[in-house]
Amino acid sequence: MKKRDFIKQLGIAAISAPIISGNLSTWLKEYAHLSENTLVGEEDFWLKVRSDYELKEDYINLESGYYNIIPQPTLSALMSHIKIVNREGSYYMRNMQWENKKRVTEKLANVIGSTAKNVIITRNTTESLDMVIKGMDWKAGDEAVYAFQDYGAMKVMFEQVSKRFGIVNKVISIPNHPKSDEEIVDLYRKAITPKTKLLMVCHMINLTGHILPVKKICRMAHEKGVQVMVDGAHCVGHFQFDINDLECDYYGSSLHKWLAVPLGTGLLYVKDEHIDHLWPIFAEYKREPGDISRLNHTGTIPVYHDLSIEDAINYYTMLGPQRKEDRLRYLQEYWTSKVRGYKNIMVNTSADAHRACGIANVGIEGIKPKVLSQRLLDEYKIFTVAIDYKNVKGCRITPNVFTTIDELDAFVIALKEMAS
């Protein structure tokens, strides 16, 4: 092997070496005698997991939805990547970044049941889905369908495309407590016309944590010749799913949320037949047909954040995807069950287990969401985020694997005192 190739391989090996919590492995062995149903509520185990996080003591953090604090093993890996890239400088950027990105992309694609030929690493869900919205060949009179409860950045892009190309946007409203999946599917069905080109749907509504029946919506839309773009900002690393089972055309997610990757990391999945028909955000050199890299010209970016995706996946895999999902749902159902039906308290998230996981939304009659959020912080030292929009008026509550039952008990007490 030539000296140059040896150095190159050495650099790749160093930067791809997994740095994960040896403590987590030990803790899992300590509790291996417990069934998963028991472990989900074993507070001693989750207190050990909490120790992998450096948290502020000033308040109880019930706002993991915007950005998930990353565990110390992932943070340590990030710092290692920064040092290696900084030490190697342009040599790394010219000789190693693409091979490492390819490896990381393949590992990321596997998390959602896909392969690297259909996935690119982006900076966030907004970049991913705006690329689809803006990148389609719109004609005047074409129609798009989405919901009031969808994320603002994508709705703004639809509005921009409407002004630019003369498309018509049809907007529906999703109920907080649907009677059935068919009720949701029918809302989208009724909005579709022969001119509808694209339908956007949330996999999980960020306001309430409502998980929508994406597969049923996709099948209905495809029967009418309509492409479906899914906003999965809060889903990767939160609960398990297989992208092929969803049957969607496009899927975007933010990895700095529930997969707990450093800020500025996301993904975009594109079905085979659409790869060559989207206009990328940044123009790329000519690629072979079906090469998704044509959509992934980024310019120079902080590559060490992308490298940290692999370390976050390692931690997520060691903790256990199903175990994490079960714990998040357990925490949500723990506190919501204690306030559902309580006088003046409104839980804006379904009690059906398959319609929610870790996120829920709660309001108090007569208290505006912004006031509720501020009082929770000022009077009870509990940090949340206020949501005051359409049919969702309350605070979004997003506990994490580091959240304790004692913290949720304190939150429940606060809600009941204010409701009284």
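The values are calculated or read from the model by the stated rules, or taken from the named source; none is laboratory data. These figures come from a predicted structure and were not determined experimentally. Note that each Cβ is placed from the backbone with ideal geometry, even for glycine, and that neighbours are counted across all protein chains shown.
Taking the conditions exactly as written (over 22 Å from Pro399 (Cβ atoms), acidic (Asp, Glu) and touching a His at 6+ places or on another chain (Cβ under 8 Å)), does Glu284 satisfy them or not? Judged against the criteria, Glu284 is a match. Which is under 21 Å from the mean Cα position of the chain (by Cα), assigned by TED's automatic domain parsing to the domain that holds Thr265 and acidic (Asp, Glu), of Glu143, Glu106, Glu159, Glu182? Result of the check over Glu143, Glu106, Glu159, Glu182: Glu106.
Condition check ((1) over 17 Å from Asn61 (Cα atoms); (2) under 19 Å from the mean Cα position of the chain (by Cα); (3) crowded, with 19+ Cβ neighbours inside 10 Å; (4) assigned by TED's automatic domain parsing to the domain that holds Gln240) across all residues:
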site	(1), (2), (3), (4)
Leu331	no, yes, yes, no
Val362	no, no, yes, no
Ile367	yes, no, no, no
Val371	yes, no, no, no
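The numbered conditions (1) of a type in the set (Val, Ile, Thr); (2) within 28 Å of Ser253 (Cβ to Cβ); (3) assigned to a helix (DSSP H, G or I) are all true for Ile70 except (3). Looking at Leu207, Leu198, Leu212, just one residue is within 24 Å of the chain's Cα centre (by Cα), within 26 Å of Lys139 (Cβ to Cβ) and surrounded by 23 or more Cβ atoms within 10 Å (Cβ to Cβ), and that residue is Leu198. Within the range 75-90, is there a residue that is under 30 Å from Val385 (Cβ atoms) and in the same structural domain as Gly266 (by TED's automatic domain parsing)? No: the range 75-90 contains no residue that is under 30 Å from Val385 (Cβ atoms) and in the same structural domain as Gly266 (by TED's automatic domain parsing).
Within the range 398-409, is even one residue surrounded by 15 or more Cβ atoms within 10 Å (Cβ to Cβ) and either of a type in the set (Gly, Ala, Ser) or farther than 22 Å from Asp52 by Cα (or both)? No, the range 398-409 has no match at all.
Matching residues to (1) surrounded by fewer than 21 Cβ atoms within 10 Å (Cβ to Cβ); (2) at positive phi; (3) not acidic (Asp, Glu):
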site: Ser76; (1), (2), (3): yes, no, yes
site: Ile84; (1), (2), (3): yes, no, yes
site: Ser90; (1), (2), (3): yes, no, yes
site: Leu108; (1), (2), (3): no, no, yes
site: Gly113; (1), (2), (3): yes, yes, yes
site: Val119; (1), (2), (3): no, no, yes
site: Val132; (1), (2), (3): no, no, yes
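Here the range 247-272 is the region considered, the condition is being of a type in the set (Gly, Ala, Ser) and in a loop (DSSP other than H, G, I, E, B), and the residue that is nearest to Val401 (Cα to Cα) is Ala260. In the range 373-396, the qualifying residues are those that are of a type in the set (Asp, Glu) and over 16 Å from Asn176 (Cβ atoms), and the one that is surrounded by the most Cβ atoms within 10 Å (Cβ to Cβ) is Glu379.
Quick check on Ser350: is it of a type in the set (Ser, Thr, Tyr), more than 20 Å from Ile60 (Cβ to Cβ) and surrounded by fewer than 22 Cβ atoms within 10 Å (Cβ to Cβ)? The answer is yes for Ser350. Residue-level analysis places Glu247 among those that are assigned by TED's automatic domain parsing to the domain that holds Ala109, without any contact (Cβ under 8 Å) to a residue 60 or more places away in the chain and on the phi > 0 side of the Ramachandran plot.
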